[in-house]
Amino acid sequence: MHSSRVGHYKTLKAWQHAQRLAIECVRASRGFPDYEQNALADQLRRACYSVPLNIAEGNTRRGSREYRRFLDTARGSLAEVETIIEMARELDYVTPADFGRLEALVTETGRTLYGLLRKITSAPTRVPST
């Protein structure tokens, strides 16, 4: 497991920020119109859940290649979250203040997630003994 190199996932800033972002996005999605609850709001919830879940799952995997794959998935989901909250702003589903808060959380999550990915990428790759 990678937890010896980067720590348990709950201690990772990337996971902490992603967890906070997920909670705030779910709260914001409750304010979307009823006709969006099974569409854009649901997509936002699924994408925002994916970010901390993939960080946590990757942290338990053996080998940096597999961990990177989960972190890449988390980054993709984060881009999806960012796109959805921008749409929500344009459609007036979130207030400008809520958008600003969510955007700041996306930025911080992305920054720390990228740092974690760089750290994992620079970790020596284990070569299986034959």
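The values are calculated or read from the model by the stated rules, or taken from the named source; none is laboratory data. Treat the numbers as computed from the prediction; the structure is a model and nothing was measured. So basically every Cβ, Gly included, is an ideal-geometry build from the backbone, and we count neighbours across all protein chains shown. Side chains included, ligands, DNA and RNA excluded: accessible areas come from the protein's heavy atoms. Shrake-Rupley method; radii C 1.70, N 1.55, O 1.52, S 1.80 Å.
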Inset, instruction - Check whether at least one residue in region 101-115 is modelled with pLDDT under 95, under 18 Å from Val6 (Cα atoms) and charged (D, E, K, R), and report yes or no. - result: no
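Would you be able to tell me the number of residues in region 17-33 that are among the hydrophobic types (A, V, I, L, M, F, W, C), touching a residue at least 24 places away in the same chain (Cβ under 8 Å) and more than 11 Å from Val94 (Cα to Cα)?
The initial filter retains those residues of region 17-33 that are among the hydrophobic types (A, V, I, L, M, F, W, C), namely 18, 21-23, 25-26, 28, 32.
Going one step further and asking which of them are touching a residue at least 24 places away in the same chain (Cβ under 8 Å), we end up with 18, 21-22, 25, 28, 32.
Checking the rest, the ones that are also more than 11 Å from Val94 (Cα to Cα) come to 18, 21-22.
Final tally of qualifying residues: 3.
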Inset, instruction - Report the residue count in region 12-35 for those that are open to solvent by 30 Å² or more (accessible area, probe 1.4 Å) and in a helix (DSSP H, G or I). - result: 10
Legend entry - Filter result (modelled with pLDDT of 95 or more and not in a helix (DSSP H, G or I)) within region 38-90: Asn38, Ala39
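Return a yes/no flag: does region 1-11 have any residue that is small (Gly, Ala, Ser) and open to solvent by 70 Å² or more (accessible area, probe 1.4 Å).
If we filter region 1-11 for residues that are small (Gly, Ala, Ser), which is where we start, we get 3-4, 7.
Filter again for open to solvent by 70 Å² or more (accessible area, probe 1.4 Å), leaving 4.
Looking for residues that are small (Gly, Ala, Ser) and open to solvent by 70 Å² or more (accessible area, probe 1.4 Å), one finds at least one in region 1-11, hence yes.
Among what's in region 96-120 and is free of Cβ contacts under 8 Å to residues at least 24 places away in the same chain and open to solvent by 70 Å² or more (accessible area, probe 1.4 Å), pick the residue that is nearest to Ile23 (Cα to Cα).
In the first step, residues of region 96-120 are kept if they are free of Cβ contacts under 8 Å to residues at least 24 places away in the same chain; the result is 96-97, 99-100, 103-104, 107, 111, 118.
Cutting the leftovers down to open to solvent by 70 Å² or more (accessible area, probe 1.4 Å) gives us 96-97, 103, 107, 111, 118.
Values: Pro96: 18, Ala97: 16, Glu103: 14, Thr107: 16, Arg111: 18, Arg118: 26 Å.
This residue is Glu103.
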Inset, instruction - Keeping to region 92-122, report how many residues are more than 18 Å from Gly63 (Cα to Cα), part of a helix (DSSP H, G or I) and among the polar types (S, T, N, Q). - result: 3
